[in-house]
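Since the structure comes first, as structure tokens, the remarks are kept for the end.
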Amino acid sequence: DQGLAKTKENLFKRISRAVAGKTKVDDDVLDDLEESLISADVGVETTLRIIERIQKRAKEEKYLNTSELNNILKSEILSMLAENTAPESKDPVQATKPYVIMVVGVNGVGKTTTIGKLAYMFKNQGKKVLLGAADTFRAAAVDQLTIWAERVDVPIVKQQMGADPASVAFDTLKSAVSNDIDVVIIDTAGRLHNKVNLMNELSKIRRVMQKLLPDAPHEVLLVLDGSTGQNAFMQAKEFTSATDVTAMALTKLDGTAKGGVVLGISDQFKIPVKYIGVGEKMTDLKIFDRTEFVESLFR
Ligand code: GDP
């Protein structure tokens, strides 16, 4: 279960309504389908691409009827995800040690929670995890992260509020190297300041980390709230233009009927969605599996 019951219900209901009583995929069906996808936050561009593909299939296969529509939709969505997401892997961390994940995203999207869940997941895999509290802008951010560190029982490196984020990141890496840590997860400030500031801050953290580990960070994980629709798209645009984002985590998919955002975001930004958040507990993080995702939408 990928925690997508609401999205499934939304999409599935609408699609079955669209095809009810029809025997052929005609323009009406396509119009309804288009509306369904857009309402699930797949995004206009991606929706149009999907509709185009189905139109093409409908033309090629003269007798395409609506009962086949679901299957075709499923396979088109799957191939679209395959084009735009990384190969599936149950072990998302490479052999590099320490493997450094820099986590970016706006406040409130579930960044801290996602870091806690990741720490829990890696720890469960037998890895030694270290957190770095480089969001020094808000005292609450450090406190929240500390609570998660205690909950999951992993160490955390922090400094006083207002400290230089790059210095915290450097300390964290230094501690990781001397303590034989496998995975380092660095939190960064989540205020949506202007893009130049954001860029400068993130590149400084990068630069300083690279003094110690030239290929760090190995992953820049952008956390987005999957229930915020177009806001998530806008934030993805901001962050991908401010820094080199290598993977995405979409949170709060349990509470939304708009899980189509996973499809739209990966199609538009060509950055793999690596994790999805489907609840508030530490076990509520899934490694994104496109086959399972599509299956769960159409099951
Ligand atoms: P941050 O400001 O980005 O660090 O956000 P937090 O990690 O503090 O999360 C903000 C709120 O969203 C908290 O109440 C979390 O419990 C909640 N949250 C985070 N991830 C999920 C998720 O996947 N599903 C649900 N339902 N809630 C989530």
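The values are calculated or read from the model by the stated rules, or taken from the named source; none is laboratory data. Bear in mind that the values here come from a model prediction, so they are computed numbers and not experimental data. No Cβ is skipped: glycine too gets one built from the backbone with ideal geometry, and neighbour counts run over all protein chains shown. Keep in mind that these areas ignore ligands, DNA and RNA; they rest on the heavy atoms of the full protein, side chains included. Shrake-Rupley method; radii C 1.70, N 1.55, O 1.52, S 1.80 Å.
Here is how the numbers come out for the structure above:
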read-out: So Ala236, is it of a type in the set (Gly, Ala, Ser), within 18 Å of Thr112 (Cβ to Cβ) and touching a residue at least 12 places away in the same chain (Cβ under 8 Å); value: no
read-out: Test: Phe122 is surrounded by 14 or more Cβ atoms within 10 Å (Cβ to Cβ), under 25 Å from Val245 (Cβ atoms) and over 24 Å from the mean Cα position of the chain (by Cα); value: no
read-out: The range 251-269, residues that are open to solvent by less than 20 Å² (accessible area, probe 1.4 Å) and either at pLDDT 90 or above or away from the ligand (no atom under 11 Å from the Cβ) (or both); value: Thr251, Leu253, Gly259, Gly260, Val261, Val262, Leu263, Gly264, Ile265, Ser266, Asp267
read-out: Conditions (1) at pLDDT 95 or above; (2) surrounded by 16 or more Cβ atoms within 10 Å (Cβ to Cβ); (3) within 16 Å of the ligand (Cβ to nearest atom): number failed by Val106; value: (1)
read-out: Residue among Met248, Met209 that is more than 16 Å from the ligand (Cβ to nearest atom), at pLDDT 90 or above and surrounded by 18 or more Cβ atoms within 10 Å (Cβ to Cβ); value: Met209
read-out: Single condition Leu69 does not satisfy, out of (1) surrounded by fewer than 20 Cβ atoms within 10 Å (Cβ to Cβ); (2) more than 30 Å from Asp284 (Cα to Cα); value: (1)
read-out: Residue that is of a type in the set (D, E, K, R) and in contact with a Phe, Trp or Tyr (Cβ under 8 Å, 6 or more places away or on another chain), where the choices are Lys274, Lys204, Lys281, Lys252; value: Lys274
read-out: Among (1) among the β-branched types (Val, Ile, Thr); (2) within 13 Å of the ligand (Cβ to nearest atom); (3) buried (at least 24 other Cβ atoms within 10 Å of the Cβ) - the single one Thr283 does not satisfy; value: (3)
read-out: Where Asn197 falls short, out of the listed (1) free of Cβ contacts under 8 Å to residues at least 12 places away in the same chain; (2) open to solvent by less than 10 Å² (accessible area, probe 1.4 Å); value: (2)
read-out: Residue in the range 2-17 that is buried (at least 17 other Cβ atoms within 10 Å of the Cβ) and free of Cβ contacts under 8 Å to residues at least 24 places away in the same chain present; value: no
read-out: Output for the range 109-136, where each listed residue is more than 15 Å from the ligand (Cβ to nearest atom), within 23 Å of Asp215 (Cβ to Cβ) and assigned to a helix (DSSP H, G or I); value: Phe122
read-out: Pick from the range 148-188, criterion of a type in the set (Lys, Arg) and within 22 Å of Gly108 (Cα to Cα), ranking: most open to solvent (accessible area, probe 1.4 Å); value: Arg151
read-out: Top-ranked residue in the range 215-234 [being crowded, with 21+ Cβ neighbours inside 10 Å and more than 19 Å from Lys6 (Cα to Cα); ranked as nearest to the ligand (Cβ to nearest atom)]; value: Val223
read-out: Qualifying positions in the range 270-280 - open to solvent by 40 Å² or more (accessible area, probe 1.4 Å) and either of a type in the set (Val, Ile, Thr) or more than 9 Å from the ligand (Cβ to nearest atom) (or both); value: Lys270, Lys274
